[in-house]
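This report concerns only the one structure given below.
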Amino acid sequence: MLKDSVLLIKNQKIYLNFIMVIAPLMNFFSSICFDLYAPSMPAIATHLSVSTHLMKNTITMTMVGFAIGSLIFGVFIDCYGRRKTLIPSMFAFIIVSSFAPFVTSITQLMIIRFFQGMFTAACSIGSRAIIVDYFTGQRFIIAILYTTVAYGFGLMVAPFFGGYLQYYFGWQANFYAYIIVAFFIGLVLFLFLRESLPPANNRSLLKTVKSYGQVLKHRTLLAGIIILGIVLVEQLIYPTIGVFLVQVNLAYSPIIYGYSALAIGCSYLVGTLINRLLLPKFSPGILVNFGFIIMTTATALQLVLALWCELNLWTLALPIMLFNIGLGFIFGNIIGFCLRIFPENAGINLAIQTCYLMLISAAGVFAISSFKIDSVLPVSLIYVILVLIQFMLFKGGIRHRIDHNFNK
């Protein structure tokens, strides 16, 4: 009997290590859904004979689908369980994606991107829900930071590989890549993922929906969600605007854009990893302040370069790289704070967070896409405005609560 107990503990440790891998992998997938095909947007716009403005809005449509999917699958995850929601959504994503290489109009592509975003939402919510199910204390914070690193890594490598796929195989190859990655993750979940929602926690659909009201009334949570939503807007500025500035205005190839996006993504990863190393020595509140100092420095540098230098790849990308290091301090600490507010309603909490994040991001990207931007100055002004909003929300609603919440 003692031997069986030892084996059970050992197997549980192995499974927890599996969760520590699969949860970040799922979040990685949710991030590449947005910008893997970014290097192909000019080519798709030419193929479909549409304006760059309409092409940029395919990212917005993905975010809207993600937001709606969050509300739907957040309920399903708390009602029917993690496994029963995640596996069907992954294979539904594959079916939808298989139509993308054959589109003949921008309307068809918009619809496909909407449903891609919707089914990806289940993966994003599920990755964090299973972390809430299995981890507490310091290990919970580490697991959340790993999922944050994975998200940043996805944003980092997706345009890089997307650029190569576009250059050598054409724009359709990026959508085939979506199918391959989704199939792999769906198969791993099908073979190894256990149901982590206890039967006693299963609730009726009506009771679960009613829980939305309690979460929506929490003002501090909403302040954190707005900050996180703006982080996503800031991360998507380069895939949305930069791809056209680099490939159209500066006449570089998709591969060069991919390398620049890789460098910018690496900077976010560096910021997240530095934050992880400093976490045992500094409180989350102090680390968030570090992040704002770095972001303010980056925006000041960007303004100086915009006023004194002509547009080139360095003046465009270098300040954004520094800015993204600061974002690495912001995202992991704020999202960890938000997740701890309603642990008993993990699916609902995550659903509302993700929905608001995507709606804020969609509105921000849509607004940015509406302007014709052909220099660094408008880009720098956008960053200045966004950072000011984030800083005011942090000082007004979260600063004095974040450390107490992490020490629970």
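Worth a mention:
- In the chain, a dipole from Cβ-located charges (positive for Lys and Arg, negative for Asp and Glu) runs towards its positive end, and of Ile141, Leu307, Ile230 it is Ile141 whose Cα lies farthest in that direction.
- A Förster radius of 45 Å, combined with the Cβ-Cβ distance separating Ser370 from Val188, puts the computed FRET efficiency at roughly 0.65.
- Options (i) 21.4; (ii) 22.7; (iii) 25.3 - which one matches Kirkwood radius over Cα pairs in Å as calculated here: (i)
- Between 0 and 90°, nearest 10: helix 137-169 axis offset from the chain longest Cα axis: 40 degrees
- Cβ charges +1 (Lys, Arg) and -1 (Asp, Glu), total dipole of the chain, debye: 1220 debye
- Ranked by how many other beta carbons lie within 10 Å on average, peptides 53-59, 264-270 from highest: 264-270, 53-59
- Spacing of the two label points (7 Å from each Cα toward its C-beta) at Ser283 and Ile180, in nm: 4.8 nm
- Take the Cα of Thr46, step 7 Å toward its Cβ, do the same at Trp314, and the gap between the two points is 2.9 nm.
- Ranked by the mean number of other Cβ atoms within 10 Å of their residues, highest first, the peptides 36-44, 286-294 fall in the order 36-44, 286-294.
Each value in this text was obtained by applying a stated rule to the coordinates, not by laboratory testing. Quick caveat: nothing in here was measured; it's all calculated off a predicted structure. Cβ atoms come from the backbone with ideal geometry, glycine included; neighbour counts cover every protein chain shown.
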